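**Q** Below you will find the structure I want to go over with you.
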Amino acid sequence: MSAHAFLTVEDLHAGYGAGKVLHGIGFDVAEGEICAVLGPNGAGKTTLLRALCGMIRTEGVLRLDGVALPRRRPESVARMGVAHVPEGRGTFAPLSVAENLRLGAYTRRDRAAVAEDIERVYDYFPVLRERRAQAAGSLSGGEQQMVAIGRALMSRPRLILLDEPSLGLAPLVTRELFQIVRAVNERERTTVILVEQNAHLTLEFAHRAHVLETGRVVLSGAAADIRADAQVARAYLGIEG
Amino acid sequence: MADFIQQLVEGLGAGAIYASLALALVLIYRFTGIVNFAQGEMAMFATFIAWQLVQAGVPFWLALGATLAIAFGGGMLIERVVIRPVEGAPELALVIVTLGLFILVNAAAGWIWSFLIKDFPSPFPGGALDAGGVHLSYSTLGVLGVVAVVMGLLYILFRYTKIGLAMRAVASNPASARLLGIRVSGVLALGWGLAALVGAVSGVLVAPVLFLEPTMMGGVLIYAFAAATLGGFDSPVGAVVGGLVVGIAETLAGAYVGVIGSDLKIGVPLAVIIGVLLFRPQGLFGRAAVERA
Ligand SMILES: Nc1ncnc2c1ncn2[C@@H]1O[C@H](COP(=O)(O)OP(=O)(O)OP(=O)(O)O)[C@@H](O)[C@H]1O
Ligand SMILES: [Mg+2]
């Protein structure tokens, strides 16, 4: 582990009401890395992201750049620079694409820079520029995923949490989307946690990866190593290689 | 013909008042999913405050400004104290809470100001313009003007300001709004404050037409419900159009349908409510799959 972890997760427990889902999760994320979180349905990946951003009750340690993340206050976590693109995208359906993007910058005061950033998002996703006046709910699934990611970028986050951005997208579109995520990560030095089921593709883009099973981390390592180790890939991720 | 247009104008004047209360109902419904049965009583209470200020010698328009500010603060306070603790409760429980609020506010007004009727000064001069045989009284014109200004300000708020955009985001998807750093609980309180303010406008407008007393808004609330239902209950534009339509329907029915007359007029909003629920439950402007393309 690196000396100064950017995000620290230690002995994290979380769940819904009485039902516990995460049973003592721990891992570090270095600044500027793309960290994949993989695992089968119901493993607790979405729950992990919800715990990180304060949507659900947690026990354990969560620190961003040395500062404890506030509990149960997602709006405060967001103001610390964590942007969560939730499962299902969280689109403001009746609002226009441009309005959705502007809302991403809600906590910012620098209006001129916000206007520039909207243009930058349109450069990443040109189709959104064409559709900027359209109700976001009328866009295709992939386009809505672009809106969700673009909206997250608008806050100039230090950490982006992406929950299964590939859901419902064609493989080719998913690859394009991941390329944009990589570009953002490289150009803006934004740290990314990428939750996915599509292990094969995700490992291609991630630096490190953690595999979750029934609420526990069962495997951690460099993404390239995990991908290269055919036995590991078969055992944990169902990848034939 | 002139007589018909005359009735139409009267109907618009009445409708504008229903529209403003309906707008208040719709604002709260959109933000919290709550049907606020106490909206009329909150408006009545605010109107009493205006009356009290005028009695104390405060000039009318100043008293009105102060009243709207108090109504705004009162609405936020009610959200904090009464609504917040039951947030997320089942729908029926919320209905009971707002009905309880109705009784509480009504009783409080009676206790403070008694149930005797009071004269409320009209903010508009008497007299009328004469336009080709149609009498446009200054008070009707004034009511229409005030409601138009309120609508315009709300439109500007929601369409062109950052906080208005945040309010629409919260109405659309509160969980998602929180993830962007929007303080949702603050926005909800703001929604209640705004609704109380808009409702207070309807109270102040209706008081000179009726008399000021604690039960003043009972009938108006039913018309406002009819207007909101007709408009689709979650559409501000719908509430306004619904209010005007209900006002016109009521006036025309009272004037031209012999059996209805002025006594049975109150049946009109009920007929509207039932008709809409039967034939077009989502109302004229209710949310379809996609809004505002
Ligand atoms: N809102 C909720 N209330 C109660 N239980 C929940 C809730 N959301 C998830 N769970 C439970 O938590 C467990 C983990 O779910 P989670 O959504 O974190 O899995 P996941 O790894 O994201 O799965 P998937 O790949 O299918 O999205 C599941 O058993 C699920 O039933
Ligand atoms: Mg999930």
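The values are calculated or read from the model by the stated rules, or taken from the named source; none is laboratory data. None of these values were measured; they are calculated from a predicted model. Positions of Cβ are backbone-derived with ideal geometry, glycine not excepted, and every protein chain shown enters the neighbour counts. All accessible areas refer to the heavy atoms of the entire protein, side chains included, with ligands and DNA or RNA removed. Shrake-Rupley method; radii C 1.70, N 1.55, O 1.52, S 1.80 Å.
**Q** Pairs under 9 Å by beta carbon, first residue under 15 Å from A:THR202 (Cβ atoms) and in contact (Cβ under 8 Å) with a residue 12 or more places away in the chain in the range A:215-238, partner assigned to a helix (DSSP H, G or I) and open to solvent by 70 Å² or more (accessible area, probe 1.4 Å), six or more apart or different chains?
**A** A:LEU219/A:ALA235; A:LEU219/A:TYR236; A:ILE226/A:TYR236; A:ARG227/A:HIS200; A:VAL232/A:ASP225; A:ALA233/A:HIS200; A:ALA233/A:ARG227; A:LEU237/A:HIS200
**Q** Another question, then. Identify all residues within the range A:69-90 that are at the interface with chain B (Cβ under 7 Å from one of its Cβ atoms) and buried (at least 20 other Cβ atoms within 10 Å of the Cβ); write none if there are none. Break it down stepwise before answering.
**A** Here is the first cut: in the range A:69-90, the residues at the interface with chain B (Cβ under 7 Å from one of its Cβ atoms) are A:74-75, A:78-79, A:84, A:86, A:90.
Correct list: A:PRO74, A:GLU75, A:ALA78, A:HIS84, A:PRO86, A:GLY90.
**Q** Out of A:ALA152, A:ALA148, report the one residue that is modelled with pLDDT of 95 or more, within 16 Å of ligand 1 (Cβ to nearest atom) and under 19 Å from A:ARG131 (Cα atoms).
**A** On the way: A:ALA152 fails: within 16 Å of ligand 1 (Cβ to nearest atom).
None of the others qualify; the one that does is A:ALA148.
**Q** Taking A:THR202, is it surrounded by 15 or more Cβ atoms within 10 Å (Cβ to Cβ) and within 17 Å of A:VAL37 (Cα to Cα)? If you could, list the steps in order and put the result at the bottom.
**A** Working: surrounded by 15 or more Cβ atoms within 10 Å (Cβ to Cβ): yes; within 17 Å of A:VAL37 (Cα to Cα): yes.
Considered against the rule, which asks whether it is surrounded by 15 or more Cβ atoms within 10 Å (Cβ to Cβ) and within 17 Å of A:VAL37 (Cα to Cα), A:THR202 comes out as yes.
**Q** Of the residues A:ALA93, A:ALA105, only one is open to solvent by less than 20 Å² (accessible area, probe 1.4 Å) and either out of contact with any strand residue (DSSP E or B) (no Cβ under 7 Å at 6 or more places or on another chain) or facing chain B (nearest Cβ under 9 Å) (or both); which?
**A** Details: A:ALA93 fails: open to solvent by less than 20 Å² (accessible area, probe 1.4 Å).
A:ALA105 is the lone residue from the list that is open to solvent by less than 20 Å² (accessible area, probe 1.4 Å) and either out of contact with any strand residue (DSSP E or B) (no Cβ under 7 Å at 6 or more places or on another chain) or facing chain B (nearest Cβ under 9 Å) (or both).
**Q** For B:VAL86, are the conditions met, namely being touching a helix residue (DSSP H, G or I) at 6+ places or on another chain (Cβ under 9 Å) and of a type in the set (Val, Ile, Thr)?
**A** For B:VAL86, the condition - touching a helix residue (DSSP H, G or I) at 6+ places or on another chain (Cβ under 9 Å) and of a type in the set (Val, Ile, Thr) - is met.
**Q** Out of all the residues in the range A:59-68, is one or more touching a residue at least 40 places away in the same chain (Cβ under 8 Å) and at the interface with chain B (Cβ under 9 Å from one of its Cβ atoms)?
**A** no
**Q** State which residue is nearest to ligand 1 (Cβ to nearest atom) when the search covers only the range A:159-177 and only residues that are closer than 24 Å to A:LEU64 by Cα and more than 14 Å from chain B (Cβ to nearest Cβ). Give the steps one after another, and end with the answer.
**A** In the first step, residues of the range A:159-177 are kept if they are closer than 24 Å to A:LEU64 by Cα; the result is A:159-165.
With more than 14 Å from chain B (Cβ to nearest Cβ) added as a condition, the list becomes A:164-165.
Values: A:GLU164: 6, A:PRO165: 12 Å.
Checked the range A:159-177; the qualifying residue nearest to ligand 1 (Cβ to nearest atom) is A:GLU164.
**Q** Do any helices (runs of 4 or more DSSP H) lying entirely in the range B:154-263 carry at least 2 residues that are closer than 20 Å to B:THR140 by Cβ and either within 14 Å of another protein chain (Cβ to nearest Cβ) or in contact (Cβ under 8 Å) with a residue 60 or more places away in the chain (or both), and which ones are they? Don't jump to the end; show me each part of the working.
**A** Numbers: elements: B:162-172, B:174-179, B:184-206, B:217-231, B:236-256.
Hits in the range B:154-263: B:184-206, B:217-231, B:236-256.
**Q** Given the conditions (1) of a type in the set (Lys, Arg); (2) outside any loop (DSSP other than H, G, I, E, B); (3) surrounded by fewer than 16 Cβ atoms within 10 Å (Cβ to Cβ); (4) free of Cβ contacts under 8 Å to residues at least 60 places away in the same chain, which single one is not true for A:LYS20?
**A** Checking A:LYS20 against (1) of a type in the set (Lys, Arg); (2) outside any loop (DSSP other than H, G, I, E, B); (3) surrounded by fewer than 16 Cβ atoms within 10 Å (Cβ to Cβ); (4) free of Cβ contacts under 8 Å to residues at least 60 places away in the same chain, the one that fails is (4).
**Q** Name the residue that is nearest to the other protein chains (Cβ to nearest Cβ), counting only residues in the range A:178-215 that are of a type in the set (Ser, Thr, Tyr) and either within 16 Å of ligand 2 (Cβ to nearest atom) or touching a Cys at 6+ places or on another chain (Cβ under 9 Å) (or both).
**A** Going residue by residue through the range A:178-215, those that are of a type in the set (Ser, Thr, Tyr) are A:190-191, A:202, A:214.
Next, from what is left, pick out any that are either within 16 Å of ligand 2 (Cβ to nearest atom) or touching a Cys at 6+ places or on another chain (Cβ under 9 Å) (or both): A:191, A:202, A:214.
Working: A:THR191: 17, A:THR202: 22, A:THR214: 26 Å.
Out of the qualifying residues, it is A:THR191.
**Q** Anything in the range A:178-219 that is among the basic types (Lys, Arg) and either touching a Pro at 6+ places or on another chain (Cβ under 8 Å) or away from ligand 1 (no atom under 13 Å from the Cβ) (or both)? List them, or say none.
**A** Across the range A:178-219, the qualifying residues are A:ARG182, A:ARG187, A:ARG189, A:ARG208.
**Q** Just wondering, is there one or more residues in the range A:166-183 that are within 22 Å of A:ARG111 (Cα to Cα) and either touching a Leu at 6+ places or on another chain (Cβ under 8 Å) or open to solvent by 30 Å² or more (accessible area, probe 1.4 Å) (or both)? Spell out the reasoning first.
**A** Filtering the range A:166-183 for residues within 22 Å of A:ARG111 (Cα to Cα) gives none.
So far as the range A:166-183 goes, no, none of its residues is within 22 Å of A:ARG111 (Cα to Cα) and either touching a Leu at 6+ places or on another chain (Cβ under 8 Å) or open to solvent by 30 Å² or more (accessible area, probe 1.4 Å) (or both).
**Q** Further question on the same structure: Do we find that A:GLY42 is assigned to a loop (DSSP other than H, G, I, E, B), at pLDDT below 95 and either away from every other protein chain (no Cβ under 13 Å) or in contact with a Leu (Cβ under 8 Å, 6 or more places away or on another chain) (or both) in this structure? Step through it out loud before you land on a result.
**A** Numbers: assigned to a loop (DSSP other than H, G, I, E, B): yes; at pLDDT below 95: yes; either away from every other protein chain (no Cβ under 13 Å) or in contact with a Leu (Cβ under 8 Å, 6 or more places away or on another chain) (or both): yes.
Spelling it out, A:GLY42 is indeed assigned to a loop (DSSP other than H, G, I, E, B), at pLDDT below 95 and either away from every other protein chain (no Cβ under 13 Å) or in contact with a Leu (Cβ under 8 Å, 6 or more places away or on another chain) (or both).
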